Amino acid sequence: MAYETRLASLMNYQKGRVDVIDDDPKNYAFSNIFEVASLAKPFEQVAVAKNFEYVLEAVRAEGTSGWRAATHDQSALVLDGQVEFTFKTLADGHPLPDSGSGGVPEEAAGTLMGRVLARRGHLTLLPAGRAYRLASPAPAVVLIQTVAGPDTQFRWAEICQTA
Amino acid sequence: MTLTGATPHGEVHEPNEFGYKSFSLGEFHFSRDEYFAYVRWPTGHHVMSADAFLRALQRDVAWEFFYGIVNFDGVVGTVNHYGTVDLFAGRYNDAYRRAELDHVENIETPVIKATFAAILSDWTNEGFDPFASPEETGSAFGPKNGDNDAAITRHRVTAQRMVSLPGDEPLRNDDNGHPVNRMFADVDQDEPEVYAEPGFEAEVGSFNLFAYLSRSPVTWNPSVVSVCRESLYCPTTEEYILPIIHGNDRAEWFVQLSDEITWDVEDRDTGRKRAKVVMKAGDVAAMPSDIRHQGYSPKRSMLLVWENASLKIPQLISSGQFPTQPVDF
């Protein structure tokens, strides 16, 4: 028997739901990454999951982002489209937020470390203390594993099932 | 509820007429015959199908008792206190609690782990793999027939930074015994294009997580593939039914990467039904810290389990300093 693995994309996703028996659906903070990305501006970092200080951010990658960096490792999982990640060293002493990622001016991004061309299902390390940027000619979707930072957007009431 | 005071220890007893040893752990006693596993304690007794018991036991041993509560079913299970473990019967069952027939023993982790591993080894017959889906393994039943220690002591993936990086957990491929699963034959196996400048190979890294998961030989077994401080990506492939009912001591999050899973959600302490959560590809849901859940996956699916491994969390939640739901809005 041939099986079909059902993946999803910006253009083709189906959303499940919480069927409440005796509970409040808000306890489950139920959302869909593709729906969130479809409503987001390019490179907004919208939290779709939060566990104390840690978050997962849904990002609509479209065009070329600014340079960013964090003091800790992050990861980026491409869920739709194709994304090019470029990595550079970071100028000594450049200030970064204690947690989460922050913007890096062009002049603070130094030596080229390498590039990754990632497609759906590919998980890429965003290494601590290094500058990175994302580029995608067409809308793509990325899930970032990180810590909440100054640019994390919290929109639970907009993105989650409430009834 | 009875609660023993002495530090329990394990004992092994001679094989019965079916060839299986029995085991004692404090005042709990475990035995099996051709079809069933039996658990006795001072105020009661319980029976489970041998295959279901072994599938639950396999997860408890492999996961080092996981986060929170591992219910083998609605009666017996364990609570992880991260150094000691509660072995219980009826503790999270409303009827047993009301009848005061529940029983709990707190056991040093190495003691209970050694006893559980010995039960798993003795009761798992050749050809039965408790980690595999029912369609991909032989029978757990019948009299004692060899063993399958290679299957029950598999290496558990725990990446230090990210799978595929130099010195970290390796990729899976045909050559290292990880063929693509029959239900994931259509999953793209292409790897990302990685161009690292000399000297930066340890930091410029990427791999095909979907292909990696398509080659997992086991089900319902979260494994760490990437780390951000105490934030752990623990993806897993799911088919049929989660063999345990997981009771949370912290919120955990699910990101459905492919296909569909239905979760039965109950109150953690009483088993009262609270919700059903149907998750499709791209869906994200929290499992609050006061529930227990069991998943049903009709086709092998990819699930990203996301955990916060901080040891501070159970105390923060149980003391009321942090709410049971991870997000308030």
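The values are calculated or read from the model by the stated rules, or taken from the named source; none is laboratory data. Given the structure is predicted, the values throughout are model-derived calculations rather than measurements. As a convention, Cβ positions derive from the backbone with ideal geometry for all residues, glycine included, and neighbour counts pool all protein chains shown. In case anyone asks, the SASA skips ligands and DNA or RNA and just uses the protein heavy atoms, side chains included. Shrake-Rupley method; radii C 1.70, N 1.55, O 1.52, S 1.80 Å.
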Can you name the strands (runs of 3 or more DSSP E) wholly within segment B:217-329 that have at least 2 residues being open to solvent by less than 10 Å² (accessible area, probe 1.4 Å) and farther than 24 Å from residue A:23 by Cβ? B:226-228, B:231-241, B:291-308
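Going through segment A:27-74 one residue at a time, which ones are assigned to a strand (DSSP E or B) and at the interface with chain B (Cβ under 7 Å from one of its Cβ atoms)? Show your work before the answer.
Residues of segment A:27-74 that are assigned to a strand (DSSP E or B), as a first pass: A:31-32, A:45-51, A:54-64, A:67-69, A:74.
A:31, A:32, A:48, A:49, A:50, A:51, A:54, A:56, A:74, listed by residue number.
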So, in segment B:46-56, exactly how many residues are under 11 Å from residue B:140 (Cβ atoms) and open to solvent by less than 20 Å² (accessible area, probe 1.4 Å)? 3
Against the conditions (1) free of Cβ contacts under 8 Å to residues at least 24 places away in the same chain; (2) within 27 Å of residue B:83 (Cβ to Cβ), where does residue B:38 fall short? Just the number, please. (2)
Residue B:59 closer than 30 Å to residue B:315 by Cβ, among the basic types (Lys, Arg) and surrounded by fewer than 17 Cβ atoms within 10 Å (Cβ to Cβ): no
Among the residues of segment B:15-45, how many are over 20 Å from residue B:121 (Cβ atoms) and within 21 Å of the chain's Cα centre (by Cα)? 0
Would a scan of segment A:95-114 turn up a residue that is among the hydrophobic types (A, V, I, L, M, F, W, C), in contact (Cβ under 8 Å) with a residue 24 or more places away in the chain, surrounded by 16 or more Cβ atoms within 10 Å (Cβ to Cβ) and within 12 Å of chain B (Cβ to nearest Cβ)? yes
For the list (1) facing chain A (nearest Cβ under 8 Å); (2) out of contact with any Phe, Trp or Tyr (no Cβ under 6 Å at 6 or more places or on another chain); (3) under 21 Å from residue A:83 (Cβ atoms), I need the number of the one condition that residue B:187 fails. (2)
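Look through segment B:151-197, keep the residues that are assigned to a strand (DSSP E or B) and in contact with a Lys or Arg (Cβ under 9 Å, 6 or more places away or on another chain), and return whichever of them is most open to solvent (accessible area, probe 1.4 Å). Full working, then the answer.
The first filter runs over segment B:151-197 and keeps only residues assigned to a strand (DSSP E or B), leaving B:158, B:162, B:193-196.
Narrowing further to those that are in contact with a Lys or Arg (Cβ under 9 Å, 6 or more places away or on another chain): B:193-196.
Values: B:193: 63, B:194: 59, B:195: 99, B:196: 39 Å².
Restricting to residues being assigned to a strand (DSSP E or B) and in contact with a Lys or Arg (Cβ under 9 Å, 6 or more places away or on another chain), the top hit is B:195.
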Does any residue in segment B:203-228 that is facing chain A (nearest Cβ under 9 Å) and under 22 Å from residue B:150 (Cα atoms) come within less than 9 Å, Cβ to Cβ, of a residue that is open to solvent by 10 Å² or more (accessible area, probe 1.4 Å) and among the hydroxyl-bearing types (Ser, Thr, Tyr) six or more places away or on a different chain, and which pairs are these? B:212/B:164; B:214/A:5
Residue that is surrounded by fewer than 18 Cβ atoms within 10 Å (Cβ to Cβ), at the interface with chain B (Cβ under 8 Å from one of its Cβ atoms), small (Gly, Ala, Ser) and under 30 Å from residue A:12 (Cβ atoms), where the choices are A:118, A:163, A:157: A:157
Looking only at segment B:235-261, how many residues end up being within 26 Å of residue A:24 (Cβ to Cβ) and more than 17 Å from the chain's Cα centre (by Cα)? 3
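Which one of A:123, A:90 is within 8 Å of another protein chain (Cβ to nearest Cβ), touching a helix residue (DSSP H, G or I) at 6+ places or on another chain (Cβ under 9 Å) and of a type outside the set (S, T, N, Q)?
Working: A:90 fails: within 8 Å of another protein chain (Cβ to nearest Cβ).
Only one candidate passes the filter, namely A:123.
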Determine whether residue B:146 is small (Gly, Ala, Ser), outside any helix (DSSP H, G or I), over 19 Å from the mean Cα position of the chain (by Cα) and within 26 Å of residue B:15 (Cβ to Cβ). yes
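Pick from A:157, A:138, A:76, A:131: which is in contact with a Phe, Trp or Tyr (Cβ under 6 Å, 6 or more places away or on another chain) and under 17 Å from residue A:34 (Cα atoms)?
Working: A:138 fails: in contact with a Phe, Trp or Tyr (Cβ under 6 Å, 6 or more places away or on another chain); A:76 fails: in contact with a Phe, Trp or Tyr (Cβ under 6 Å, 6 or more places away or on another chain); A:131 fails: under 17 Å from residue A:34 (Cα atoms).
After ruling out the rest, the residue left standing is A:157.
So that you can scan it fast, the table gives a plain yes or no per residue for (1) buried (at least 16 other Cβ atoms within 10 Å of the Cβ); (2) closer than 27 Å to residue A:152 by Cβ; (3) hydrophobic (A, V, I, L, M, F, W, C):
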residue: A:1; (1), (2), (3): no, no, yes
residue: A:4; (1), (2), (3): no, no, no
residue: A:8; (1), (2), (3): yes, yes, yes
residue: A:11; (1), (2), (3): no, yes, yes
residue: A:21; (1), (2), (3): no, no, yes
residue: A:26; (1), (2), (3): yes, yes, no
residue: A:29; (1), (2), (3): yes, yes, yes
residue: A:32; (1), (2), (3): yes, yes, no
residue: A:43; (1), (2), (3): yes, yes, yes
Within segment A:1-26, which residues are under 15 Å from residue B:276 (Cβ atoms) and more than 7 Å from chain B (Cβ to nearest Cβ)? A:24, A:25
